[in-house]
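Each reported figure results from applying straightforward, stated rules to the coordinates on display, with no laboratory input. Note that the coordinates shown come from a computational prediction; the quantities given were computed from them, not determined experimentally. Using ideal geometry, Cβ is built from the backbone for each residue, glycine included, and neighbour counts are taken over all protein chains shown.
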């Protein structure tokens, strides 16, 4: 072991070299050519950090402190980034009542605000499809309706990331920037994503979103309660997706869409708790999953009354 | 007959393929393949770790006094529901604390005092659109004798906080779903003690159907 420790790995060599160059540059430009030298140093350290899953707890707190400080310096907003781990004996599941949903789109709006989504390109994790009675797949429905709802002879079907138990997007990722957490949530490490969009192509449900431009959020509307794997600020050219509001659900709260739903069409809970609402739905209602034949094993069920 | 034909067919096939007729060997290979197929199916059946099997195996009750459940306290103004759900006791939001003019008996007293236009001022905004053709009247649900209570068709008094017992007379299916968790929703937390919204939190009891309106936002086509 001691021999191994002494060896200099390529990564650590690069890190030290880079840090040395960085400090030299900062020292050279202490006059303020590069703006705030503190921000520059922090960004430099951020650039050479480890993959989130390989970080120790200390490294995690370090990077979170850096990100919080960076946001304070650059955007002048104090944020609180959280890194709560998955709880024991918890597997999140979701059910959507097709009969109850009336297409008011309150969930979409709440999701955009909760997850700090780009307002410019109207990025949304949830899509509500207006479908004629008798249709089964959202491909046949109208995803961009805008008229008074509910419309006669139609029903509404919400689609978002289904947090598959056997996620094809994870298999497609070449940099392992996306993975399934122990509580069943598929997350993205935004700093390791290279934006190749392979996962977007692999997902049969259109569950993933790509940042075509730098996300624009009005300063007043920024949700300051963030999670490292959830709604912290993202940059242009990487993937993001619904994380069942990881910053909320890991604290015991229901997701933003569930809380916003005016008709109670959305059910969220722990699949491993036999008394939970979601288990009641699975036991007592006619449930089905979208494209179940693909074997992706989504944890998102549709049901009707 | 068919069996014989089949045997002949197999024989011919073996002849064609291997060039040697040996029924005994053929039988052995058949058994071998059979065993392989059976073991394959058995293996896939036992090794499948899908969500469904995970759910089916999870039957242990969660201890609400440990982990995340411990840190979550009940919201304010909740009352214990008179019926149990599959996990035992649960709570619902109190209604009485939300009614601005409760207690009703502060106006509706036994002694007669006539005020001009009083009903119109206080309850004029109420429009009853409930019950379809057999439109409901005030006293279908509100008690005539004790104004602080609601009343069922059988004449049992129902507290405003336990309104689910009144609605459940007709909407018994919804009540069953509400108790179980398929109708209505929880207040803020999925963890901790179960606290759900009351019927009247979402439905206006006088016209319970959601009104037609514009959606809050719209979607643009995916790129």
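I need the P(r) histogram for segment A:60-129: all alpha carbon pairs, bin width 5 Å from 0 out to the longest distance, whole percents.
Using 5 Å bins, I get a P(r) of 3, 11, 14, 15, 17, 16, 12, 7, 4, 0 for segment A:60-129.
Highest first, please rank the peptides A:78-86, B:175-183 by the mean number of other Cβ atoms sitting within 10 Å of their residues.
Ranking the peptides A:78-86, B:175-183 by packing returns B:175-183, A:78-86.
Can you give the translational diffusion coefficient of chain B in µm²/s, computed by Stokes-Einstein from the Kirkwood radius over Cα pairs at 4 °C and 1.567 mPa s? Walk me through the numbers before you get to the answer.
On the way: Rh = 24.5 Å.
Calculated translational D: 53 µm²/s.
Looking at segment A:42-180, what % of the alpha carbon pairs are farther apart than 18 Å?
72 percent
Fewest to most neighbouring Cβ within 10 Å: what's the order for A:55, A:238?
By the 10 Å Cβ count, ascending, the order reads A:55, A:238.
Per-residue mean of other chain beta-carbon atoms within 10 angstrom of the beta-carbon, peptide A:263-275?
6
When you count, for each residue, the other Cβ atoms within 10 Å and take the mean per peptide, how do B:130-138, B:157-165 rank with the highest first?
Descending mean neighbour count gives B:157-165, B:130-138.
By average Cβ neighbour count within 10 Å, what is the ranking of B:33-41, B:80-88 from highest down? Show your work: numbers first, answer last.
On the way: B:33-41: 10.0, B:80-88: 14.9.
Order by mean packing, descending: B:80-88, B:33-41.
Between segment B:125-153 and segment A:256-295, how far is it from one alpha carbon centroid to the other, in angstrom?
Between the Cα centre of segment B:125-153 and that of segment A:256-295, the gap is 34 Å.
Run the simple label-point estimate for residue A:50 and residue B:89 please: 7 Å along Cα→C-beta, distance reported in nm.
4.7 nm
Report Rg/Rh for segment B:43-159, rounded to two decimals, where Rg is the Cα radius of gyration and Rh the Kirkwood radius. Write out the running numbers ahead of the final one.
Values: Rg = 23.9 Å, Rh = 19.8 Å.
That ratio equals 1.21.
How big is the Kirkwood radius of segment A:222-286, worked out from every pair of different alpha carbons and given in Å to one decimal?
For segment A:222-286, inverting the mean 1/r across all distinct Cα pairs yields 13.7 Å.
With r as the distance between the Cβ atoms of residue B:147 and residue A:74 and R0 = 45 Å, compute the FRET efficiency 1/(1 + (r/R0)^6) and round to 0.05.
According to the calculation, E is roughly 0.15.
Would you order A:157, B:115 from fewest to most other beta-carbon atoms within 10 Å of each residue's own beta-carbon?
Least to most surrounded, the residues fall as B:115, A:157.
State, as an integer percentage, the relative contact order of chain A based on alpha-carbon contacts under 8 Å between residues 6 or more apart.
Reported as a whole number, the value is 23 percent.
Per residue of B:175-183, count partner chain C-beta atoms within 10 Å of its C-beta, then hand back the mean as an integer. Write down the numbers at each step before the final one.
Values: counts 0, 1, 8, 1, 1, 8, 11, 15, 8.
That average works out to 6.
Any number yet on Rg/Rh for segment A:108-169, C-alpha, Kirkwood?
Working: Rg = 13.7 Å, Rh = 13.4 Å.
Across segment A:108-169, the Cα-based Rg/Rh ratio is 1.02.
Using Cα pairs under 8 angstrom and six or more residues apart, how large is the relative contact order of chain B, in percent?
21 percent
Assuming R0 = 30 Å, can you tell me the calculated FRET efficiency for the pair residue A:61 and residue B:63, based on Cβ-Cβ distance, to the nearest 0.05?
Step by step, r from the Cβ atoms, then E = 0.50.
Largest first and to the nearest Å, give the Cα extent of the protein assembly as shown along each principal axis.
Largest to smallest, the principal-axis extents are 103, 101, 47 Å.
Rounded to whole Å and sorted largest first, list the principal axis extents of the Cα atoms in segment A:155-227.
39, 38, 26
Among B:153, B:191, B:58, determine the one that fluctuates most according to a GNM of chain B built with springs between C-alpha atoms less than 10 Å apart.
Of B:153, B:191, B:58, the Gaussian network model singles out B:58 as fluctuating most.
Other chains' Cβ within 10 Å of A:89-95 residues: what's the mean?
Going residue by residue through A:89-95 and averaging, the value is 3.
Could you quote the convex hull projected area for chain A, Cα atoms only and averaged over all directions, in nm²?
About 18.8 nm², averaged over all directions.
Suppose R0 equals 60 Å; then what is the FRET efficiency for residue B:123 and residue B:6 from their Cβ-Cβ distance, rounded to the nearest 0.05?
According to the calculation, E is roughly 0.10.
Against the longest alpha carbon principal axis of chain B, how many degrees, from 0 to 90 and to the nearest 10, is the axis of helix B:23-47 turned?
Tilt relative to chain B: about 20 degrees.
From the P(r) of segment B:109-223, could you give the percentage of C-alpha pairs in the tail past 17 Å?
For segment B:109-223, the fraction of Cα-Cα distances above 17 Å is 69 percent.
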